[in-house]
Every structure is written in structure tokens, then in C-alpha cells.
There are 2 protein chains.
Amino acid sequence: MDIVLHELCAGDKARRFSPHCWKVRMALAHKGLAYETRPTPFTRIKEIGGGFSHTVPVIDDGGKLVRDSFDIALYLEDAYPDRPSLFGGEGGRATARFVESWALAAVHPPLLALIVKDIHDRLAAPDQAYFRASREKRLGLRLEEIQAGREGRLDAFRATLAPLRLMLGKQPFVGGEAPLFADYVAFGPLQWARVISPFAVLADDDPVAEWFGRCLDLYDGLGRGMPAAA
Amino acid sequence: MDIVLHELCAGDKARRFSPHCWKVRMALAHKGLAYETRPTPFTRIKEIGGGFSHTVPVIDDGGKLVRDSFDIALYLEDAYPDRPSLFGGEGGRATARFVESWALAAVHPPLLALIVKDIHDRLAAPDQAYFRASREKRLGLRLEEIQAGREGRLDAFRATLAPLRLMLGKQPFVGGEAPLFADYVAFGPLQWARVISPFAVLADDDPVAEWFGRCLDLYDGLGRGMPAAA
């Protein structure tokens with residue numbers, strides 16, 4: 001039985017934009033595991049497994065529910081040890097947590113501020129109300145105010161990617177010669193922006209953009225198969 | 001024969017402050033390898049091995065010279081595979097390069113600007129002249145101007161450590177339950193500041209300070225044995 005991936009969707013249910021769900025999509029493909037996705041609007045996440053989680057992704061692997069993208073990667077690594085490793089050993093498993101923390105602490109917040117209104121605009125109406133209320137409460141400003149002036153913040157955002165850019169002078173992936181889950185935790189937020197917002201957050205000649213292109217090409221173009229927002 | 005570590009020294013030759021040399025000290029201790037250090041002022045690095053490197057650390061392992069802290073760690077890992085691993089496997093080896101890149105790109109530059117005049121003041125006179133000329137050329141300001149107003153930049157510096165801080169909510173070391181070389185690449189710059197500058201860059205109640213304290217305690221207090229700058 002295929003693994004079921006419950007993942008976030010936009011008003012257009014085919015548009016899957018969650019950075020955290022993309023990490024899991026890439027992890028499932030990396031492991032070569034068959035899966036089906038279930039599009040889930042924000043306001044229906046609570047229905048998954050009778051209230052199992054307040055966030056997606058959630059996977060259902062033959063009745064076993066697992067939530068949280070990193071925990072799902074750990075689960076897949078342990079449940080399918082004969083498939084290609086997501087971490088490349090114990091050191092890679094531990095150090096991937098640092099890469100995740102970097103992405104969450106340094107990349108997600110400024111990136112959200114570049115695209116938050118664009119996210120809102122592509123959600124279905126009930127999700128728009130939820131998204132606006134929850135994000136405006138968390139961030140203390142209206143979505144329009146948060147996103148305003150984003151062109152002026154673009155250089156600062158690109159500067160936050162300096163660690164990845166510097167590393168790419170040494171090796172083509174965070175995982176070395178080939179990608180690991182640590183790549184997907186950095187890929188996730190950039191794919192989020194690509195799928196939900198027409199605002200170009202990377203310069204074409206940035207080594208980070210070249211790495212992102214390599215990630216989009218993985219697994220028969222899994223990432224590239226999701227159309228960019230127009 | 002013990003490994004020889006050529007490392008940077010201050011005017012007081014016992015004061016070893018280089019972040020990159022500290023990474024190697026910790027790596028040698030991690031591997032349980034006997035070593036002797038050779039204090040080297042900036043202006044005498046060129047004498048090591050007849051001009052082998054323009055930077056330290058340099059190690060001499062029975063006549064084999066290796067330079068660059070990361071390359072030294074890779075060398076030690078491969079040359080002493082039966083000793084405790086510095087990387088915890090191939091995934092850890094690759095991902096450590098990301099942690100190094102984060103430290104170099106996000107931590108070192110703002111930290112240098114907090115302590116650059118303090119570094120200068122603790123060097124021997126010939127090194128002071130070299131250090132001032134080279135750093136002022138690189139940074140485009142006088143050392144006094146770079147360091148001025150550092151109290152106002154402290155919060156921003158501490159914010160750059162957010163990825164490490166977030167990760168520490170999950171695990172006590174970058175390496176997981178125990179340290180790996182990835183910890184030492186983040187430890188290095190903080191030890192640099194501790195040994196060369198009286199300016200307190202970490203708040204005592206910061207989880208990063210607690211992790212730094214754990215690193216100082218490793219290997220019978222190797223890091224703590226180097227007195228903090230008064």
C-alpha cells in the first residue's frame with residue numbers, strides 16, 4: 001500500500017506550496033517510495049486522523065501516522081534502512097538538524113515577509129481568513145504591510161543565503177556529491193516561494209539558484225513539475 | 001612522534017587565540033592524538049616548512065604537512081580511522097562543510113568587528129603593524145572605527161547565532177548527543193573572542209553559552225585551560 005502524504009494545497013488544489021511538505025516529497029522520492037498525496041487546505045488539517053496534528057505534512061504509512069517533516073524523515077530512514085539513506089550516517093543525521101535550524105531561523109522568516117500576501121492571495125476563501133488572522137496576530141502587522149517594500153529587502157534576503165553560497169564553492173550539494181535530507185530542508189523554502197509567488201527571490205547567476213535548479217531536476221524533475229507561480 | 005601543531009600566538013606566546021587553530025586543537029583531542037604546539041606570530045607563518053602556507057594552522061605529522069583547519073580534520077579522519085570519528089560518516093563529513101560555511105559567512109565577520117582592536121592590542125609589535133595594515137585594507141576602515149559602538153551591535157551578533165540556539169532545543173551538540181568537528185567549527189570563533197577580548201559576546205543565560213561551556217569542558221577542559229582575556 002502506498003504511503004499517503006497529507007499536504008497543504010492552495011485554492012487551486014494542484015498547487016502544493018508548503019516548504020515542509022516539499023521536504024517530505026523529496027524525502028519520499030529520495031527513498032524511492034511510492035506515495036499518494038492528499039491535498040489539504042489549512043482549515044481542514046484538523047480532520048486528518050481525527051485531529052492527529054495541527055500542521056502538515058502528515059504521512060500515513062499503512063496506518064502508522066507520523067507528523068513533522070524532520071520526524072517523518074527520521075521515520076523513513078529507520079523504517080526503510082535498505083533504501084538510499086537520507087542522512088548518510090549518524091553524523092549526518094545529527095548535523096542535518098543544524099541545517100534545518102538554519103533554514104527555520106535564518107531563511108524562513110525573511111522569506112515569508114517577501115511572499116506572505118502572495119500566499120494569502122492564492123488560498124481558498126476560508127483559508128484566506130484563517131491565514132490572515134493567524135499571521136497578522138503572529139507578526140503584528142497587516143499582510144499588505146509585511147510584504148510592502150519587498151524589493152528593498154531582497155539584497156538582505158539573498159545575504160542570508162551566504163552560508164549555502166560559500167559551501168557551494170566546495171561541493172554541489174549539502175550532502176556532498178549527491179543530495180541528502182539536509183539539501184531538502186534548504187530547498188523547501190525556496191520551492192515554497194517559487195510555487196506560490198511570482199516574486200523572484202534568487203538572482204539567476206547566483207550559485208544558490210544553480211543548486212536550486214539541480215534540486216528541481218532531481219527524481220525526474222519532481223520539483224520542476226510543480227508549475228511556478230505566474 | 002607527536003603531531004606538531006603550528007598555531008597562532010599573541011604577544012604573550014601562551015595566548016593561543018586563532019579560531020581555526022582551536023578547531024584543530026579540538027580535533028586532535030577528539031581523536032586522542034598526542035601533539036605539541038608551536039607558537040607562531042602572524043609575521044613568522046611564512047617560515048613554517050619553508051613557506052608551505054600563508055596561514056595557520058599547519059600540522060606536521062611525521063613529516064607530512066597539512067594546512068587549513070577543515071583539510072586537517074579530513075586528513076586526521078582518514079589517517080586515523082580507528083580513533084573516534086570527527087564526522088560520524090559520509091553524511092556528517094559533507095554536512096560539516098555547511099556548518100563551517102555558516103560559521104565563516106555568518107559568524108566570523110560580525111564577531112571580528114566586535115573584537116578587532118582587542119586582537120590588535122594583544123599582538124606583539126611586528127604583528128600589530130601587519131594586522132593593522134592587512135585588516136584595514138580588507139575592511140576599509142581603521143581598526144578603532146570598526147570596533148567602535150560594538151555594544152550597539154551585540155544584539156545583532158547574538159541574533160546571528162539563532163540557528164545554533166534553535167538546534168540546541170533538540171540536541172546538546174551539533175553532532176547530536178556528543179560533539180563532532182561540526183561543533184568545533186562553531187566553537188572556534190567563540191573561543192577566539194573569549195581568549196583575545198574582554199568583551200562578553202554571549203549572554204550568560206543563552207543556550208549557546210551553555211553549549212559553549214560544554215565545549216570548553218571537553219577533553220579535561222582543554223578549551224577552558226586557555227585563560228579568558230581580562
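The values are calculated or read from the model by the stated rules, or taken from the named source; none is laboratory data. These figures come from a predicted structure and were not determined experimentally. Note: ideal-geometry Cβ built from the backbone for every residue, glycine included; neighbour counts use all protein chains shown. Remember, those area values only see protein heavy atoms, side chains included, never the ligands or the DNA or RNA. Shrake-Rupley method; radii C 1.70, N 1.55, O 1.52, S 1.80 Å.
Criterion applied to B:P126, B:P84 was being within 12 Å of chain A (Cβ to nearest Cβ) and open to solvent by 50 Å² or more (accessible area, probe 1.4 Å), and the one residue passing it is B:P84.
Only a single criterion out of (1) within 23 Å of A:K170 (Cα to Cα); (2) in contact with a helix residue (DSSP H, G or I) (Cβ under 8 Å, 6 or more places away or on another chain) is not satisfied by B:D78, namely (2). Within region B:92-103, can one find any residue that is touching a residue at least 40 places away in the same chain (Cβ under 8 Å) and open to solvent by 10 Å² or more (accessible area, probe 1.4 Å)? Yes, some residue in region B:92-103 is touching a residue at least 40 places away in the same chain (Cβ under 8 Å) and open to solvent by 10 Å² or more (accessible area, probe 1.4 Å).
Among B:L65, B:L76, B:L33, which is the only one that is within 25 Å of B:P227 (Cβ to Cβ), away from chain A (no Cβ under 14 Å), of a type in the set (A, V, I, L, M) and over 15 Å from the mean Cα position of the chain (by Cα)?
It is B:L33.
In this entry, B:A156 is excluded by the filter for residues that are in contact with a Pro (Cβ under 9 Å, 6 or more places away or on another chain), within 14 Å of chain A (Cβ to nearest Cβ) and farther than 24 Å from A:A106 by Cβ.
Being open to solvent by 50 Å² or more (accessible area, probe 1.4 Å) and within 14 Å of chain B (Cβ to nearest Cβ): is that true of A:D71 here? Taking the combined requirement at face value, the residue satisfies it.
Could you check, for region B:105-119, whether at least one of its residues is within 26 Å of B:D206 (Cβ to Cβ), at pLDDT 95 or above and within 8 Å of chain A (Cβ to nearest Cβ)? Yes, there is a match, as at least one residue in region B:105-119 is within 26 Å of B:D206 (Cβ to Cβ), at pLDDT 95 or above and within 8 Å of chain A (Cβ to nearest Cβ). Scanning region B:161-196 for residues that are facing chain A (nearest Cβ under 10 Å) and among the aromatic types (F, W, Y), which turns out least open to solvent (accessible area, probe 1.4 Å)? Selected residue: B:F181. For region B:40-76, the set of residues classified as out of contact with any Lys or Arg (no Cβ under 7 Å at 6 or more places or on another chain), over 30 Å from B:H120 (Cα atoms) and in contact (Cβ under 8 Å) with a residue 40 or more places away in the chain consists of B:D61, B:G62, listed by residue number. For region A:23-32, check the following and say yes or no: at least one residue is of a type in the set (G, A, S) and under 21 Å from A:L190 (Cα atoms). Within region A:23-32 (the criterion being of a type in the set (G, A, S) and under 21 Å from A:L190 (Cα atoms)), the answer is yes, since at least one residue qualifies. For A:K170, all conditions in the list (1) touching a helix residue (DSSP H, G or I) at 6+ places or on another chain (Cβ under 9 Å); (2) closer than 23 Å to A:E7 by Cβ hold save one; what is the number of the exception? Going through (1) touching a helix residue (DSSP H, G or I) at 6+ places or on another chain (Cβ under 9 Å); (2) closer than 23 Å to A:E7 by Cβ one by one, A:K170 breaks only (2). Close Cβ contacts (under 7 Å, 6 or more residues apart or on different chains) running from residues in region B:1-17 that are under 17 Å from B:L123 (Cα atoms) to residues that are part of a loop (DSSP other than H, G, I, E, B) and small (G, A, S) comprise B:E7/B:S18; B:L8/B:S18; B:G11/B:A124; B:F17/B:A10. Residues that are at pLDDT 95 or above and exposed (fewer than 13 other Cβ atoms within 10 Å of the Cβ) within region B:204-230 comprise B:D204, B:D205, B:D217, B:D220, B:G221, B:G225, B:P227, listed in sequence order. For region B:178-211, the tally of residues that are over 22 Å from B:S101 (Cα atoms) and without any contact (Cβ under 8 Å) to a residue 60 or more places away in the chain stands at 6. Conditions first: (1) over 20 Å from the mean Cα position of the chain (by Cα); (2) on the phi < 0 side of the Ramachandran plot. A:G49 passes all but one, so which condition is the exception? Just one mismatch for A:G49, condition (2). Inside region B:174-230, residues that are under 18 Å from B:L28 (Cβ atoms) and of a type in the set (A, V, I, L, M, F, W, C) make up a count of 14.
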